[in-house]
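Notes for the one structure printed next.
None of the figures in this text is laboratory data; all of them are computed from the coordinates on show. Everything numeric in this text was worked out from a predicted model, so none of it was measured. When we count neighbours, we look across all protein chains shown, and the Cβ atoms used for this are built from the backbone with ideal geometry, even at glycine.
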Amino acid sequence: MDEIKKWQNICKAKKIVETLNKKHFKASYADTLEDAKSALLSMITEGSSVAIGGSDTLNQMGIVDILRNGNYNFFDRYQKLPFNPDIVEIHRKSLTADYLITGTNAITKNGELVNTDCTGNRVAPMIFGPRNVIIVAGVNKIVDNIDSAFKRIRDIAPMNSKRIKHETPCVETGYCVDCDCKKRICNFTTIIHNGIKFEGRIKIIIIADEIGY
Ligand code: SF4
């Protein structure tokens, strides 16, 4: 990567870590995706129950294969069984996991986390349920304010819809048309303003790189 670009990413990452810690999250800095992966795994006690939220950043880390190694009670939303697993039941169990690992759609410069879900199985447990929430995000998730976060989410949603193969109009157009179809992925939006209620519960690893979308 371009050295100057990396320098700017490092500055952005360090600054947002400082802001997030002031907001009572437990934020930490990672230089690379690989460093973030090591930090993430060091936070999870073996034998504990783990759920994950859909995330391109986590996919790039290969986290699902690691969680399938038998050392964790993994609520595996991606498992392939001879019959279709009841995915909603896995999402319900995930609400009580020891750890939820997820990405985030946007982080404001003021330290708010903004997310939109199709089902709510990611945004609901980010707020309450799992004893620990570990969020991994690249600096590309940082936006100026909440309005910019909503705009970011609207801009990236068609890519997420294409990634998860939903038949939504934006998969054809490449941009949001505020659809009204059953497969719509933008149904629940949350803002987490701070981590003060359960201090230390939400841990955030900021990577000094652009990862995922
Ligand atoms: S509201 Fe509909 S069209 Fe817009 S991004 Fe979401 S799924 Fe796509």
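Scan region 143-166 for residues that are within 10 Å of the ligand (Cβ to nearest atom) and either under 17 Å from the mean Cα position of the chain (by Cα) or in contact (Cβ under 8 Å) with a residue 12 or more places away in the chain (or both) and jot them down. The answer is Ile153, Arg154, Asp155, Ile156, Ala157, Pro158, Met159, Asn160, Ser161, His166. Looking only at residues that are in a helix (DSSP H, G or I) and not basic (Lys, Arg) in region 136-148, which one is surrounded by the most Cβ atoms within 10 Å (Cβ to Cβ)? Top of the filtered list is Val139. Which members of region 45-66 meet the condition of being within 23 Å of Arg201 (Cβ to Cβ) and more than 16 Å from the chain's Cα centre (by Cα)? Residues satisfying the conditions are Thr45, Glu46, Gly47, Ser48, Ser49, Ile66. Comparison of Lys165, Lys151 shows that the only residue that is of a type in the set (D, E, K, R) and outside any helix (DSSP H, G or I) is Lys165.
Look at (1) under 27 Å from Ser48 (Cβ atoms); (2) free of Cβ contacts under 8 Å to residues at least 40 places away in the same chain; (3) small (Gly, Ala, Ser) and you find that Gly103 fails only one, number (2). Taken as a whole, the structure places Val133 among residues that are away from the ligand (no atom under 16 Å from the Cβ) and closer than 27 Å to Ile196 by Cβ.
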